[in-house]
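All remarks here apply to the structure that follows.
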Amino acid sequence: MGVYALAFIAFSIDLARRSSAVGAVQADELSSPEARGAAGAASGGTTTLTRISTRIANDAATPYGRSSSLRVGVSLTVLAWALHLAADVLRGLAAGRVPWANMYEFAMTGTLLIVTVFLIVLTRADLRFLGTFVTGLVLILLGVAALTFYVEVAPLPPALQSAWLVIHVFVASLATGFFALGFALSVVQLLQFKRESLAADARAARLRFVATLPSSVTLENLAYRVNIIGFILWTFTLMAGSIWAEKAWGRYWGWDTKEVWTFIIWTIYAGYIHARATRGWRGSRSAWLAIIGFSAVLFNFGIVNVFFKGLHAYSGL
């Protein structure tokens, strides 16, 4: 957690530098004779702000690929991931089983997979600007798990002594990793959409660092692709859970609270995919659906497991 915290600080410094760079570009543009003339000719300075946005998108964003704070942030994240992986493996060796049989272990493995998905996606697309969101989320979840859910290694309850524990829970954790990345992209998408809609408004200055990030359309497309993968994995989670339930309890579905919330999450993301395929529900509407979906995932983990009774009560131990 300490190394993740350092990575969070490094990524935050990068966002601060982005804001400063945007402010410098704005000051340079607005102080030039050409910009002053354009501002006087255009109502509300719309032309000037458009030129600023264009310059930022084409020129000012380029140096960030060589940003030292970004390199440090990614390096620290990789180091934290390696330590995280070692801790997870050692927990499994101490227990003599897979390390995701209770809330503490699931949080440990789930956050590990969130970071794993983030690092793997970085090899395909430059999403380092999400570092603050990802490391911040992992820090919060690990902190809650360490302070609230920690338990000593214990034998498995009879219902968990199955190969489906390896398959079902791991796939659910992996789906959560993709949903978390989709959530972060959707949050940034909303910020970018707001900045774009306020292009001629002074309030856009509050979102200056977002001007160096991809457009809201690009962010939406990335979030959609990531959430699609998460949805496929969650569908398998739902199916595998039913098969396991039949073997453990003699029925495929019993309207247990955990089962119901797993289906609710599946329904939300199914609605998100359907809405995203409908042009009228693109943009901020689809982003909010993705955010609601991940909020349901967190509710399922942090509230349903702890405060609701049912056959899955052992998951809160």
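Worth pointing out:
- Protection-proxy order for peptides 122-133, 185-196, 247-258, 79-90, each taking the mean of Cβ atoms within 10 Å per residue, highest first: 185-196, 122-133, 79-90, 247-258
- Straightening the chain between Ile264 and Ile120 buys 49.0 nm, computed as 0.36 nm per residue apart minus the Cα-Cα spacing.
- Annotation: extensible slack from Trp249 through Ser295 equals 13.7 nm (criterion: 0.36 nm per residue apart, minus Cα-Cα distance).
- Value of Rg to Rh for segment 234-301, rounded to two decimals, is 1.09; Kirkwood radius and Rg both from alpha-carbon coordinates.
- For segment 132-139, putting each phi into the Karplus relation 6.51 cos²θ - 1.76 cosθ + 1.60 with θ = phi - 60° gives couplings of 4, 5, 5, 5, x, 5, 5, 4 Hz, in residue order, rounded to whole numbers and with x for Gly and Pro.
- A Förster distance of 41 Å, applied to the separation of the beta-carbon atoms of Ile228 and Arg71, puts the FRET efficiency at 0.85.
- Per-peptide packing, taken as the mean over residues of other Cβ atoms within 10 Å, places 222-228, 295-301 in the sequence 222-228, 295-301 from highest down.
- Spin-label model, Tyr150 to Leu93: label points 7 Å out along the Cα-to-beta-carbon direction sit 2.0 nm apart.
Here, each number is a calculation from the coordinates, and none is a lab measurement. Here the structure is a predicted model, which means the values were calculated and not measured. Cβ atoms come from the backbone with ideal geometry, glycine included; neighbour counts cover every protein chain shown.
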